[in-house]
Structures are given as C-alpha cells and as structure tokens.
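*Asks:* Pasting in a structure now, in structure tokens, and then I'll have a few things to ask.
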C-alpha cells in the first residue's frame with residue numbers, strides 16, 4: 001500500500017519543500033500569515049497551528065515532512081503522529097542551538113527533543129549534520145537545488161553573484177562584505193533578510209517566487 005506523504009511549511013512559498021515532495025511523489029502545503037508585527041505573533045502561531053491540525057485531519061498523511069523554523073510546525077506535526085501512530089521528518093533551515101537568550105535556549109530544548117523523535121532530520125549542509133550526529137540525532141544533508149535557468153545566449157558585461165540570506169546565525173556577512181569590497185568588477189546582490197551597512201551590495205529583500 002502506498003504511503004500518503006505530505007510536507008508542511010509555515011510560509012508563503014518553499015521551493016525546497018516543493019522539490020523534496022516532488023521527488024517523493026508527495027504533496028507540499030504552505031500555510032502563510034499576512035499580518036505583520038511582533039504584537040500579532042501569539043495570534044499568528046495559534047492560527048497556523050489550527051490550520052495545520054485541520055490539514056492533517058483532512059489529508060490523513062502517513063508520513064509528514066515538517067519545516068523548521070518555526071519549531072512549532074514540527075511540534076504540531078509530532079502531536080498528530082503520536083496520536084495516530086504516524087511518522088514525521090523535520091527539514092531544518094536553521095537551528096535554535098546557535099541563538100542566544102533564555103527564550104531561544106528553551107526552544108532549542110524543544111527542538112532537540114523533537115529531533116530525537118523524528119524518523120529523520122534533513123539539514124541544509126554538512127556542518128549541521130555533524131552537530132546533530134554528535135548528539136546521536138539521525139540526520140541527512142540535502143543541498144538546495146539550483147533553479148533551472150534558460151540560457152538566452154545573451155552576453156553580459158557585468159558578472160553578478162546572488163547571495164540568498166535567511167537571517168541564520170551562521171551566515172558569514174563579514175565575508176560577503178570583504179568580497180564585495182575587494183572584487184569591484186563583480187556585482188553582489190542579496191535576497192531575503194536585509195542588513196544595514198552592506199556597501200557595494202544591492203539588497204532586494206524577500207522576492208515572490210514568480211519574480212525569481
């Protein structure tokens with residue numbers, strides 16, 4: 001009997017999750033939140049939790065890939081799998097282990113417990129994998145796929161390098177600044193999280209998937 005596999009991300013879009021589920025003949029679901037402001041964060045996570053519970057009950061998956069962060073998405077998925085005896089994996093984009101502060105330390109404890117309960121933890125690079133394996137946590141590195149770009153055979157005078165930034169603690173922003181300062185003939189562009197005082201670097205912020 002074929003397993004019903006789905007992926008869940010608390011985001012408007014997730015090309016990585018789409019790619020993973022496509023390779024597994026499953027379906028990815030993105031649950032978004034449009035209202036901005038930290039004041040609405042409690043309401044946001046309550047809303048996303050309810051939507052996720054409804055989705056799980058409706059689709060009745062056997063295996064779920066939950067994207068982290070936020071850790072509350074895998075937490076809700078874990079509760080579902082515990083009740084209905086299903087399996088789940090976590091796809092980690094960053095780890096709370098690197099964040100400072102009491103609140104983040106608490107979330108890192110929750111994160112580690114969920115990692116040990118998960119069938120597998122998917123990570124974005126080998127540094128994360130080694131960190132988890134040192135804690136006896138089952139982990140696998142799956143690198144992001146490079147988008148397919150149609151070659152229009154045009155010649156360009158400027159060489160451009162794009163850095164997608166997610167705000168992760170291990171992103172080396174200083175190295176990016178040094179490269180932009182020393183390599184004047186290359187245009188550096190960032191997407192995602194905006195940073196102050198990035199000289200010689202054009203920042204585009206978060207882009208809708210249709211604009212990529």
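Just so it is clear, none of the values below were taken in a lab; they were calculated from the coordinates. Fair warning: this is a prediction, and the values are worked out from it, not measured in the lab. Ideal geometry is used to build each Cβ from the backbone, glycine not excepted, and the neighbour counts take in all protein chains shown.
*Asks:* What spacing in nm lies between the two simple spin-label points modelled at residue 189 and residue 116, each 7 Å away from Cα in the Cβ direction?
*Replies:* Going by the 7 Å Cα→Cβ label model, 4.5 nm.
*Asks:* Mean-square fluctuation check for the chain, GNM, Cα pairs under 10 Å: which of 42, 70, 61 is largest?
*Replies:* Highest fluctuation of the listed residues: 42.
*Asks:* Run the simple label-point estimate for residue 85 and residue 47 please: 7 Å along Cα→C-beta, distance reported in nm.
*Replies:* Between residue 85 and residue 47, the label points sit 3.7 nm apart.
*Asks:* Once you order the gyration tensor axes a ≥ b ≥ c over the Cα atoms, which shape class does the range 1-68 get: rounded for a/c under 1.5, otherwise prolate or oblate by comparing a/b with b/c?
*Replies:* oblate
*Asks:* On each of the three principal axes of the Cα atoms of the range 27-101, give max minus min coordinate, whole Å, ordered largest first.
*Replies:* Principal extents (largest minus smallest coordinate, Cα): 34, 27, 22 Å.
*Asks:* Hey, what number do you get for the chain at 222 nm if only DSSP H runs of n ≥ 4 count, each worth -39500 (n - 2.57), divided across all residues, to the nearest 500? List each step's numbers first, then the result.
*Replies:* On the way: 6 runs with 75 residues, N = 212.
Taking each H run of at least 4 residues, the total per residue is -11000 deg cm²/dmol.
*Asks:* Separate question: With a 10 Å Cβ neighbour count serving as the proxy for reagent exposure, in which order, fewest first, do 91, 126 appear?
*Replies:* Starting with the residue having the fewest Cβ neighbours, the order is 126, 91.
*Asks:* Separate question: Taking neighbour Cβ counts within 10 Å as the exposure measure, how do 92, 195, 181 sort from fewest upward?
*Replies:* Ascending number of Cβ neighbours within 10 Å: 181, 195, 92.
*Asks:* What is the ratio of the Cα radius of gyration of the chain to 2.2 N^0.38 Å, where N is its residue count, to two decimals?
*Replies:* Details: Rg = 19.0 Å, N = 212, 2.2 N^0.38 = 16.8 Å.
Its radius of gyration relative to the 2.2 N^0.38 Å reference: 1.13.
*Asks:* Kindly put 14, 94 in sequence by how many other C-beta atoms sit within 10 Å of each C-beta, fewest to most. All intermediate terms of the calculation are to be shown ahead of the outcome.
*Replies:* On the way: 14 21, 94 18.
By the 10 Å Cβ count, ascending: 94, 14.
*Asks:* Using 0.36 nm times the number of residues separating residue 204 and residue 40, minus their current alpha carbon distance, what extension gain do you get?
*Replies:* Extending this stretch completely gives an extra 56.5 nm.
*Asks:* Still on this structure: Rounded if a/c is under 1.5, else prolate if a/b is larger than b/c, else oblate: which is the range 59-147, with a ≥ b ≥ c the root eigenvalues of its Cα gyration tensor?
*Replies:* oblate
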